[in-house]
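Reading through the structure tokens given below for one structure.
What follows is calculated from the coordinates using simple rules that are stated; it is not laboratory data. Since the structure is predicted, the reported quantities are computational estimates derived from the model, not experimental observations. When we count neighbours, we look across all protein chains shown, and the Cβ atoms used for this are built from the backbone with ideal geometry, even at glycine.
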Amino acid sequence: MRLSLKDAESLKERLSQIPDPRMPRGKRHRKLSVMTISLCALLCSATSFAAIAAWAKSCSQNMLKRLGCRFNPKTRTYEPPSEPTLRRFLQDVDAEAVDAALYGWLQSLSREDTTLAIDGKTLNGAYQENGRKIHLLSAFLQQKGVVIAQCPVDSKTNEIPELKGFSERNLGRML
């Protein structure tokens, strides 16, 4: 799917509304830059904090500038956030706010496509703090190939009882 400049600006606006979990003192990188770098790296198959940092480090100066990275006047270069900075930020950011922002943006891209597939899946290799596997209920736009909403399902039930609350909370006007 090709994005227009308007779509990219819409994503930027939604990401900027996510609360910054960091203390004001000592911030070196803007929240929007860290979020954008993380999102781009994840879309490029980065699967760890180290991989996200490596992706950012491999970016050209022009790309780092476009991603909103910090300009260091001493070295006269744009500097991406380090792995510890990315890790701390991503561990502390409100995951539900990120989900809401991204899913809302994806829904705005696909107004004409309302054919939804809803299915539950168990995440392979992902576990809750109590040691149980994580089960998710997801809504998927079939024509676009995009997951637009998801929520955890209690392991003591299946996705059918969760579907009504899921659709009210996550899909709103689409259903």
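Region 1-139: D in µm²/s via Stokes-Einstein (Kirkwood Rh, Cα pairs, 37 °C, 0.692 mPa s)?
194
Give me the net charge of Y78's neighbourhood, meaning all other residues with Cβ under 10 Å from the Cβ of Y78; Lys, Arg count +1, Asp, Glu -1.
That sum, taken over residues with Cβ under 10 Å, equals +3.
Given K27/K74; K31/K57; K12/K121; K27/K65; K31/K74; K12/K65, which pairs have Cα atoms separated by over 25 Å?
Working: K27/K74 18 Å; K31/K57 17 Å; K12/K121 30 Å; K27/K65 18 Å; K31/K74 22 Å; K12/K65 15 Å.
In this structure, K12/K121 lie more than 25 Å apart at Cα.
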